[in-house]
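Colleague: Quick one: the structure is below, questions incoming.
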Amino acid sequence: MSIFQNILGLITIIAMIVLLVKKYESRMVLFSCGFFLCVVAFKPFDAFNAFSTAMKNAKVIEPIVASMGFAYVLKLTECDKHLVYALSKVLKFANGAMLVFGAVIITAIINISITSSSGCSAAVGAIIIPFLMRMGVHPAISACTVFLGTYGSANLNPGYAQTIIVADVSKSSVIDVIHYEAIYFGISALICASLLSLVAVFLKEHKGYVAQDLANDANFKVNAIKAIIPVIPVAILIISHIQGVKDYYEQIFSNKMPDIKISYAMIFGSFLAFLVCMKNVKSADIVKKFFAGMGEGFAHVYGIITCALIFVAGLKAIGFVNELIELMKANPNIASFAGNTGTFILALITGSGDAAALSFNQAVTIHANDFGIEPMHLGSAITAVAGLGRSMSPIAGAAIICAGYAKVNPIELAKRNAIPTIVASIVYVLITL
């Protein structure tokens, strides 16, 4: 790669970061930067080829759009709301620092089903944040619990885009990735919740706040069946991959158990939601919402993946990716350090971990074996650290939503989440690589 292309590539990457920080449309930024690099390298059709390749990747598109369809159905039927209220009732038995700890864990659990950090913050924050404030927790800490709870447990949902990409680049099944990540994300959740509790105690913000003019939702009646619906598809997918279950199926039906795809589970979950709520929701509305969600999943979630691929194509066109890979082969430690540190910082300053994690995983993680690292290990660490970095960013959508509920400055959330996210990132990398 020429010195000119080196400099131009660096300038383009910096420009991309600046534009993302300024909240320009992420898909437009990734596409434009990628296409520009392809043109500079006199390979403009590389960008179009990357777009075409992305459009053909049905095994990635299908689970993403089906999962978003299910998410829209949950919102229509309010099953997600019942799940949030059901879990929030557990907090009534806690107080002080344990309230903070419990709120982070509960949000993390809900985030597995409601994978969008902004969507999860909106649904959970509307209930948990006022509740904590009524219980005497400072508004900033109350908001931090929900914001920090969206640190990345969504990766344990089989339909989550980042999990699917890690499975794709590591040539593993999605369930294998989830089985690998489960314990580490659980440890991260405990670290984040524990450290935020200590921060609250240190700042004396875990009790003593006197709330005023807060709506009381204590009389909301939880429907247990509706509360269970959001977790059923995930449970089906995990249970169906247990060998004992497969063996039992074969004994009964004398046939090999068919592979249950993620999309099948999401469609089944949507059907169950309709059955439970059919008195109040029309079947036509369920269908409309499911396909509206699919469209949103393709337009927004997979759109970012597609544009990230085009950006990667631009980096490849100028030779940046090949040089980076060769450097990592010669110095394997650079791979984990650069990937994890870089994605954390980028997620922090842009408010989104998707662009950095997707680009790195699709460009570098796929070659992890060449520098002595398991692709699944590197990919999982990258996505986890990116999520943690975003959970410290004051310009993240989830931060703004939570801060709005608590009526505080998002910067206050970033300061309190700094220690939990940084420590959790370091621990995650150390125990997985």
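The values are calculated or read from the model by the stated rules, or taken from the named source; none is laboratory data. Worth saying up front: this structure is predicted, and the values here are computed from it rather than measured. Don't worry about glycine lacking a Cβ; one is built from the backbone with ideal geometry, like all the others, and counts go over all protein chains shown. Protein only, heavy atoms only, side chains kept; ligands, DNA and RNA dropped before computing areas. Shrake-Rupley method; radii C 1.70, N 1.55, O 1.52, S 1.80 Å.
Colleague: Scan TYR160, TYR151, TYR184 and give me the residue that is within 24 Å of TYR72 (Cα to Cα) and open to solvent by 40 Å² or more (accessible area, probe 1.4 Å).
Modeller: On the way: TYR151 fails: open to solvent by 40 Å² or more (accessible area, probe 1.4 Å); TYR184 fails: within 24 Å of TYR72 (Cα to Cα).
The unique qualifying residue is TYR160.
Colleague: To continue, here is another question. Tell me, yes or no, whether region 269-281 has at least one residue that is within 22 Å of the chain's Cα centre (by Cα) and open to solvent by 40 Å² or more (accessible area, probe 1.4 Å).
Modeller: Here is the first cut: in region 269-281, the ones within 22 Å of the chain's Cα centre (by Cα) are 269-270.
Within this subset, residues satisfying the condition of being open to solvent by 40 Å² or more (accessible area, probe 1.4 Å) are none.
For region 269-281, residues within 22 Å of the chain's Cα centre (by Cα) and open to solvent by 40 Å² or more (accessible area, probe 1.4 Å): absent.
Colleague: Among the residues of region 38-56, which ones are of a type in the set (A, V, I, L, M, F, W, C), within 12 Å of LEU315 (Cβ to Cβ) and part of a helix (DSSP H, G or I)? Spell out the reasoning first.
Modeller: Here is the first cut: in region 38-56, the residues of a type in the set (A, V, I, L, M, F, W, C) are 38-42, 45, 47-48, 50-51, 54-55.
Of the ones still in play, those that are also within 12 Å of LEU315 (Cβ to Cβ) are 38, 40-41, 47, 50.
Result: CYS38, VAL40, ALA47, ALA50.
Colleague: Among the listed residues PHE101, PHE35, PHE31, identify the single one that is more than 20 Å from VAL281 (Cβ to Cβ), outside any loop (DSSP other than H, G, I, E, B) and touching a Cys at 6+ places or on another chain (Cβ under 7 Å). Even if it seems obvious, please write down each step before you answer.
Modeller: Details: PHE101 fails: touching a Cys at 6+ places or on another chain (Cβ under 7 Å); PHE35 fails: touching a Cys at 6+ places or on another chain (Cβ under 7 Å).
Of PHE101, PHE35, PHE31, the one residue that is more than 20 Å from VAL281 (Cβ to Cβ), outside any loop (DSSP other than H, G, I, E, B) and touching a Cys at 6+ places or on another chain (Cβ under 7 Å) is PHE31.
Colleague: Among the numbered conditions (1) touching a residue at least 60 places away in the same chain (Cβ under 8 Å); (2) under 22 Å from ILE310 (Cα atoms), tell me where ILE401 comes up short.
Modeller: Condition (2) is where ILE401 drops out.
Colleague: Between ASN340, ASN369, ASN361, which is free of Cβ contacts under 8 Å to residues at least 12 places away in the same chain and on the phi < 0 side of the Ramachandran plot? So that I can check it myself, show each step before the final result.
Modeller: Numbers: ASN340 fails: free of Cβ contacts under 8 Å to residues at least 12 places away in the same chain; ASN361 fails: free of Cβ contacts under 8 Å to residues at least 12 places away in the same chain.
ASN369 is the lone residue from the list that is free of Cβ contacts under 8 Å to residues at least 12 places away in the same chain and on the phi < 0 side of the Ramachandran plot.
Colleague: Does region 316-335 contain any residue that is within 18 Å of ALA15 (Cα to Cα), open to solvent by 20 Å² or more (accessible area, probe 1.4 Å) and within 20 Å of the chain's Cα centre (by Cα)?
Modeller: No; the residues of region 316-335 include none that is within 18 Å of ALA15 (Cα to Cα), open to solvent by 20 Å² or more (accessible area, probe 1.4 Å) and within 20 Å of the chain's Cα centre (by Cα).
Colleague: Please state which of the following conditions PRO230 fails to meet, knowing it meets all the rest: (1) in a helix (DSSP H, G or I); (2) modelled with pLDDT under 85; (3) of a type outside the set (Asp, Glu).
Modeller: (2)
Colleague: While we're here: How many residues does region 104-132 contain that are assigned to a loop (DSSP other than H, G, I, E, B), out of contact with any Leu (no Cβ under 9 Å at 6 or more places or on another chain) and β-branched (Val, Ile, Thr)? Step through it out loud before you land on a result.
Modeller: Of the residues in region 104-132, the ones assigned to a loop (DSSP other than H, G, I, E, B) are 114-116.
From what's left, out of contact with any Leu (no Cβ under 9 Å at 6 or more places or on another chain): 115-116.
From what's left, β-branched (Val, Ile, Thr): 115.
Residues meeting the conditions: 1.
For (1) within 27 Å of SER116 (Cα to Cα); (2) touching an Asp or Glu at 6+ places or on another chain (Cβ under 7 Å); (3) surrounded by fewer than 13 Cβ atoms within 10 Å (Cβ to Cβ), each residue gets a yes or a no:
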{"residue": "ILE191", "(1), (2), (3)": "yes, no, no"}
{"residue": "TYR209", "(1), (2), (3)": "no, no, no"}
{"residue": "ILE238", "(1), (2), (3)": "yes, no, no"}
{"residue": "GLN243", "(1), (2), (3)": "no, no, yes"}
{"residue": "MET257", "(1), (2), (3)": "no, yes, no"}
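Colleague: Restricting the first residue to region 252-277 and requiring it to be without any contact (Cβ under 8 Å) to a residue 12 or more places away in the chain, which pairs with a second residue that is open to solvent by 80 Å² or more (accessible area, probe 1.4 Å) meet a Cβ separation below 7 Å and a spacing of at least six or different chains?
Modeller: none
Colleague: Could you give every pair whose Cβ atoms fall below 8 Å, whose first residue belongs to region 410-432 and is more than 16 Å from VAL199 (Cβ to Cβ) and among the acidic types (Asp, Glu), and whose second residue is open to solvent by less than 10 Å² (accessible area, probe 1.4 Å) and not in a helix (DSSP H, G or I), counting only separations of at least 6 or pairs across chains?
Modeller: If the second residue must be open to solvent by less than 10 Å² (accessible area, probe 1.4 Å) and not in a helix (DSSP H, G or I), no pairs are left.
Colleague: Report every pair of residues separated by at least 6 positions or lying on different chains whose Cβ atoms are under 8 Å apart, first residue within region 73-90 and in contact (Cβ under 8 Å) with a residue 12 or more places away in the chain, second buried (at least 23 other Cβ atoms within 10 Å of the Cβ) and not in a helix (DSSP H, G or I).
Modeller: From residues that are in contact (Cβ under 8 Å) with a residue 12 or more places away in the chain, the pairs are LEU74/ILE114; ASP80/ILE114.
Colleague: Give ILE426, ILE431 a once-over and let me know the one that is among the β-branched types (Val, Ile, Thr), more than 15 Å from the chain's Cα centre (by Cα), surrounded by fewer than 24 Cβ atoms within 10 Å (Cβ to Cβ) and at pLDDT 90 or above. Reasoning before the result, please.
Modeller: On the way: ILE431 fails: at pLDDT 90 or above.
Within the list ILE426, ILE431, the selection yields ILE426.
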